[in-house]
Every structure is written in C-alpha cells, then in structure tokens.
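Heads up, the thing below is written out as structure tokens.
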Amino acid sequence: MKILVTGYTGQLGYDVVEEGLKHGLDMHGTGRNNLDITNEKEVNQYVETLYPDAIIHCAAFTAVDKAEDDKDTCWDVNVNGTKHLVNAAKAIGAKFIYISTDYVFEGKGIVPYSEIDQTDPIGYYGLTKFEGEKVVQETLDNWFIVRISWVFGINGNNFVKTMLRLAETRDELNVVGDQYGSPTYTFDLAKLLIDMIQTQKYGVYHVSNEGYCTWADFAKEIFKQSNKMVTVHPITTEEYPTRAVRPKNSRMSKDKLEDNGFSRLRSWEDALQHYLKQLNEEVN
Ligand SMILES: NC(=O)c1ccc[n+]([C@@H]2O[C@H](COP(=O)([O-])OP(=O)(O)OC[C@H]3O[C@@H](n4cnc5c(N)ncnc54)[C@H](OP(=O)(O)O)[C@@H]3O)[C@@H](O)[C@H]2O)c1
C-alpha cells in the first residue's frame with residue numbers, strides 16, 4: 001500500500017511514516033519544503049504523480065494563539081490546504097484520514113464528548129479544523145476523521161518538552177489545573193492510524209491515550225517520572241490568560257474505537273514513560 005503522509009516534519013506525521021515503514025508499507029512523507037498544501041497546482045501534480053492508495057493528512061497550522069492574529073494563513077493551510085488534498089484524493093480514489101481536534105467542541109461541562117455530540121468550534125483554529133472536517137465529509141466517500149488532543153511526540157515541540165526545559169531553571173511552576181483532557185502520544189496513535197487505513201471502517205473517531213487529567217496533573221507526572229524536583233501549583237484558566245480561548249473540557253469518549261474492533265491506546269502515564277525513555281535514548 002502506498003501512503004502519502006502530510007506533516008512529516010511535525011510530530012504526528014513523522015511517527016506515522018516511521019510506523020508504516022515498520023509494516024513494509026510504501027510511505028511518502030511531506031513537509032512544507034517539498035509540498036506546500038496551500039498551492040493547489042503543486043498538490044494536484046504531486047498526488048497525480050505519486051498516485052497513493054491513501055493520504056494521511058497530519059499537516060496543519062497548529063499554533064492556536066497565533067491563529068487569532070494570522071487568520072488568513074491559518075485558513076489557507078487548514079481549510080484550503082485540506083480542500084486541495086481532498087480533491088486530489090477524490091480524483092484518484094484514494095482513502096483519506098483527516099486529523100482533527102478536540103477544539104471542534106465548545107469544551108464545557110464534564111462529560112466526555114462522543115463522536116455524535118454537537119460540534120461548536122472554539123477559537124479560530126478550532127473553526128478552521130472544523131471547516132476541514134466538513135470538506136472531507138462533503139467531498140469524499142472513503143474517509144476517516146480522527147479527533148485527537150494534547151499531542152506529544154519525538155519530532156517537534158510539545159508540553160512535555162516545555163516542562164522538561166523549564167525544570168532546568170525552575171523549582172516551582174504555576175500550571176493550569178482546571179482544564180481536563182487526555183494526552184495523545186503520536187507513537188501510539190501512529191500504530192492505530194496505520195491499522196485503520198488498512199480497513200474500511202470509515203467515519204469519525206475520537207482517539208487519545210486512556211485516562212483524563214489536567215495540565216497540572218500532567219506536569220506533576222512528567223516531573224515525577226523524570227525525577228525532577230519541581231513543585232507544581234495548579235492555577236485557574238483565568239490566572240493564565242492566553243490569546244486563544246482553551247477548552248475546559250477536552251475529555252473525549254473512545255468507546256467507538258473499541259466498538260469497531262480497534263484497540264484503545266495505553267494509559268497516558270504509560271505512554272509518557274515510553275516517551276521519556278525515547279527522549280533519553282535520543283539525547284544519550
Ligand atoms: N499539537 C496538538 O496538541 C494537537 C492537538 C489536537 C489536534 N492536533 C492536530 O494533529 C495534527 C498533527 O499535529 P502536530 O502536533 O503533529 O503538528 P506540528 O508538529 O505542528 O506539525 C505541523 C506540520 O504541518 C506542516 N505544515 C504547515 N503548513 C504547511 C503547508 N502550508 N504545507 C505543507 N505542510 C504544512 C508543517 O510543515 P513544516 O514543518 O514544513 O512547516 C508540519 O509538518 C494536526 O492536524 C493538528 O491540527 C494537534
């Protein structure tokens with residue numbers, strides 16, 4: 001199976017390519033340097049020439065705060081870029097996985113969101129990712145939409161790396177303790193995506209590692225597992241103002257995964273343990 005993976009220079013795309021290669025699949029990863037998805041002509045030419053059986057679309061404008069100030073670029077990448085890839089996939093009948101986000105929900109309450117719950121995107125980033133979902137659903141037949149949250153992986157920047165960096169100079173940190181969600185380890189998610197793309201169990205799925213926590217809980221666990229003596233003080237969202245609004249409830253139910261015969265990912269604590277080992281191996 002030949003698979004085009006966008007976002008190869010980012011966190012998730014990198015691990016998807018690595019995982020596919022382990023399965024002997026013919027993987028083709030792209031970054032902005034070799035395929036700018038906002039360029040329709042370039043996308044058409046690339047996809048027609050490569051003629052993949054499937055596209056796993058991980059590329060996105062992911063800077064949620066910056067999105068509020070650079071709306072044009074955010075729209076261009078997340079909506080137009082997705083449209084270009086979706087149209088190119090349709091032309092050759094390729095399967096499609098679109099990676100989406102918990103930001104398609106309003107993020108209120110305490111109940112985990114299911115795939116059939118009402119969407120109400122939060123912030124401009126959330127809006128553009130939701131528009132991307134609509135493009136996929138309205139254009140294609142053979143599609144998966146996979147909504148994920150709080151991503152961390154070896155290739156790129158994320159909350160874990162930020163906490164480890166701060167631990168070098170700080171012994172106390174204020175971290176938001178009233179936003180709830182689940183971290184998603186790209187190494188684990190990549191296995192699921194490679195499994196999924198080889199099926200015809202199309203539709204919307206929620207995926208993350210198992211268990212829920214707050215950012216403060218996540219930070220505490222990072223310091224505990226990496227033996228860093230940093231005290232975490234949980235603070236409220238209001239005490240840590242950001243340009244883009246953050247969802248207070250990013251909990252997503254993963255029941256549908258299991259119902260459709262896919263495996264749930266391991267707990268976020270176990271995933272973190274594996275990740276820290278992976279980081280150390282890279283450093284040592
Ligand atoms: N990060 C999170 O916490 C999070 C949470 C929920 C959902 N998601 C979704 O998960 C997916 C993967 O996120 P990630 O964290 O792996 O992303 P990431 O590390 O920020 O990487 C983004 C990727 O998109 C590429 N890209 C940006 N603009 C492009 C363009 N014009 N043409 C081609 N490629 C372009 C980047 O390429 P360059 O490196 O060349 O710029 C990079 O490879 C995204 O769809 C994101 O919306 C992420």
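Considering every alpha-carbon pair of the chain, the percent of pairs per 5 Å bin, from zero through the bin containing the longest distance, is 1, 6, 12, 17, 19, 18, 13, 9, 4, 2, 0, 0.
When the accessible area of the range 131-284 is computed with all protein chains present and a 1.4 Å probe, what percentage of it is carbon and sulfur? Spell out each step's value before the answer.
On the way: 3190 of 7170 Å².
Carbon plus sulfur share of accessible area: 45 percent.
A cut-off under 9 angstrom between Cβ atoms defines the neighbours of LEU140, and their net charge, with Lys, Arg +1 and Asp, Glu -1, is 0.
Treating the beta-carbon of each Lys and Arg as +1 and of each Asp and Glu as -1, no other charges, what is the dipole magnitude of the chain about its Cα centre, to the nearest 20 debye?
Values: 30 positive and 42 negative charges, 51 e Å.
In total the dipole reaches around 240 debye.
Check each of the trypsin sites (Lys or Arg not before Pro) in the range 135-183 and keep only those in coil by DSSP with at most 16 other C-beta atoms within 10 angstrom; list them in order. Intermediate values should be presented prior to the final figure.
Values: sites: ARG147, LYS161, ARG165, ARG170; in loops: ARG170.
When the trypsin sites (Lys or Arg not before Pro) of the range 135-183 are filtered for loop state and at most 16 Cβ neighbours within 10 Å, ARG170 remain.
The loop-placed trypsin sites (Lys or Arg not before Pro) in the range 207-284, going by DSSP, that have at most 16 neighbouring Cβ atoms within 10 Å of their Cβ come out as LYS228, ARG243, ARG264, ARG266.
Between amide H atoms placed 1.01 Å from N, distances below 5 Å from SER100 occur with VAL146, ARG147, ILE148, all of them 5 or more places distant or on a separate chain.
Around the Cα centre of the range 214-266, unit charges on the Cβ atoms of Lys, Arg, Asp and Glu (plus for the first two, minus for the last two) sum to a dipole of about 140 debye.
For the range 27-91, report the % of Cα-Cα distances exceeding 20 Å. Provide the component values of the computation, followed by the final result.
Working: 516 of 2080 pairs.
The proportion of pairs with Cα distances above 20 Å equals 25 percent.
The accessible surface of the range 1-61, taken with every protein chain in place and a 1.4 Å probe, is 43 percent carbon and sulfur.
Protein heavy-atom accessible surface, 1.4 Å probe, per residue over the chain: 46 Å². For the range 168-271, GluC sites (Glu not before Pro) are listed when DSSP marks them as loop and at most 13 other Cβ atoms sit within 10 Å of their Cβ; the list is GLU168.
The values are calculated or read from the model by the stated rules, or taken from the named source; none is laboratory data. Not measured: the values here are computed from a predicted model. Cβ: placed from backbone, ideal geometry, glycine included. Neighbour counts: every protein chain shown. Note: accessible area is taken over every heavy atom of the protein model, side chains too, but ligands, DNA and RNA are not part of it. Shrake-Rupley method; radii C 1.70, N 1.55, O 1.52, S 1.80 Å.
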